[in-house]
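Reading through the structure tokens given below for one structure.
The values are calculated or read from the model by the stated rules, or taken from the named source; none is laboratory data. Note that this is a predicted model, so its numbers are computed, not measured. Please note: Cβ atoms are built from the backbone with ideal geometry, for glycine as well, and neighbour counts cover all protein chains shown. Side chains included, ligands, DNA and RNA excluded: accessible areas come from the protein's heavy atoms. Shrake-Rupley method; radii C 1.70, N 1.55, O 1.52, S 1.80 Å.
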Amino acid sequence: MKRAWFYSRQDDFKYQQSVLLQFENEEITIMLQNTNILVSLIIPVYNVDTYIARCLQSIQEQSYTNFEAILVDDCSTDDSYSICQEFAAKDKRFKVIQMPQNSGAGNARQKGIQIAQGDFIGFVDSDDWLGRNFITHLLLLQQETDADIVSCQALHCKQDGDIFVNFPINLKKTYSPQNALILLEQESILYPVLWDKLYKREIVLSTKIRTQSCEDGYALIDYIRKANKVAFTGLPLYHYNKSENTLSGSVSRIDHFKFYCHLAQILRSNYGYKSSRIVKTGLNHLHAACCFRYNRKIRAYIIHQLITLIGGLQDMQPSLKEKFQRFIALRYPTAYATYYKNYLRIFHKKTYQNNSYAVCNEYRILLKEIIQKINQNDARNYETFDCHNLFE
């Protein structure tokens, strides 16, 4: 992701905040042609009692009032479910359902989709919150462009109180499905998340979401391919809680790169677009993995998986340097990994140190995935699962 676009007075937090948020409480002078449009907001909930009240209150206070909020509790073990029930008891627009067993955000969203009645459907992560005019501005954008998908910019809110955005606020553009997918592949304007957007009902109903790594991204690809066009506004209407321990979670390097390989292959096979950055993305992940310490088996496993994915990338447009690096990595993987580890350790010590500790996160993610598979499948023989021997 590219570094954020900042305002000129970076040292003045109050000034930034006033500029970014001043439109949130303003009166909307342009009237919606149809105020009978029902918007369904689906919020998967799991152990977020610290954040959920703020999220639900921001929905309750929307300037556009014709909405339903579907809260899908994924068997929380804290007070999240009771907080949701309190909101539903006081406001009939809030509906609470509970999953029969913990199934993950993807399955929880799909459960919400099944009961959603809205003409437009949106998703909100329960640790984030909305600006007061989130629904109104996106419906105005849809009214202006007739797009099947309308998206806004996210306001990144860090735990230390700092806020930033990635693009100018006055940006407003409409994209064809092909160009929208290219922007997604380039991690520019559009990001592989379901929140910060509204979708026409038929677009969402056409694809079933399931719990998996990068589930937002895979669903969004399907949505975009079935849309007539995608419209974007730079107004930061969605407040993204930029925290290490929030619902958005973490994705392993393997799954992250696998998603972008999938996207690059779709662009090539369906639109004839040959990615110029996908090989570089894979090589960057590979170089970081070469530095992993503490668990040699996990390092070797991740390196092998990344090299296999890189080897499967055919008919792309990498630079000559990247072509050479790819060739060496595929032909001499062990030597390549050793070379890059030592190269970074000697010439880029800080990068090496940061990457060496990253294996702890990869270890945690892989172990979590195995536990989820065991629980979901009620397996008695753990050897039936991939990666089990990494933890011996």
*With 297, 280 as the choices, which residue is open to solvent by 70 Å² or more (accessible area, probe 1.4 Å) and modelled with pLDDT under 90?*
297
*Given 336, 343, which one is outside any loop (DSSP other than H, G, I, E, B), closer than 13 Å to residue 287 by Cα, open to solvent by 70 Å² or more (accessible area, probe 1.4 Å) and modelled with pLDDT of 85 or more?*
343
_region 159-185 residues that are of a type in the set (Ser, Thr, Tyr), paired with ones that are surrounded by 18 or more Cβ atoms within 10 Å (Cβ to Cβ) (beta carbon under 6 Å, 6 or more apart)_ = 174/145; 174/231; 175/230
*Quickly run through region 283-294 and pick out the residues that are open to solvent by 20 Å² or more (accessible area, probe 1.4 Å) and within 14 Å of residue 335 (Cα to Cα).*
287
*Failed condition for residue 135, given (1) surrounded by fewer than 24 Cβ atoms within 10 Å (Cβ to Cβ); (2) modelled with pLDDT of 95 or more; (3) of a type outside the set (Phe, Trp, Tyr)*: (1)
*So which residues in region 199-242 are open to solvent by 10 Å² or more (accessible area, probe 1.4 Å), closer than 19 Å to residue 110 by Cβ and either hydroxyl-bearing (Ser, Thr, Tyr) or under 15 Å from the mean Cα position of the chain (by Cα) (or both)?*
206, 207, 210, 211, 212, 213, 214, 215, 216, 218, 222
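Taking region 277-332 on its own, how many of its residues are small (Gly, Ala, Ser) and farther than 24 Å from residue 356 by Cβ?
Summing the residues that are small (Gly, Ala, Ser) and farther than 24 Å from residue 356 by Cβ in region 277-332 gives 3.
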*Just name the residue that is least open to solvent (accessible area, probe 1.4 Å) out of those in region 114-124 that are aliphatic (A, V, I, L, M) and more than 18 Å from the chain's Cα centre (by Cα).*
116
*asked:* Give all pairs with beta carbons closer than 6 Å in which a residue from region 206-223 that is closer than 25 Å to residue 366 by Cα meets a residue that is surrounded by 18 or more Cβ atoms within 10 Å (Cβ to Cβ) and among the basic types (Lys, Arg); count only pairs at least 6 apart in sequence or on separate chains.
replied: 209/109
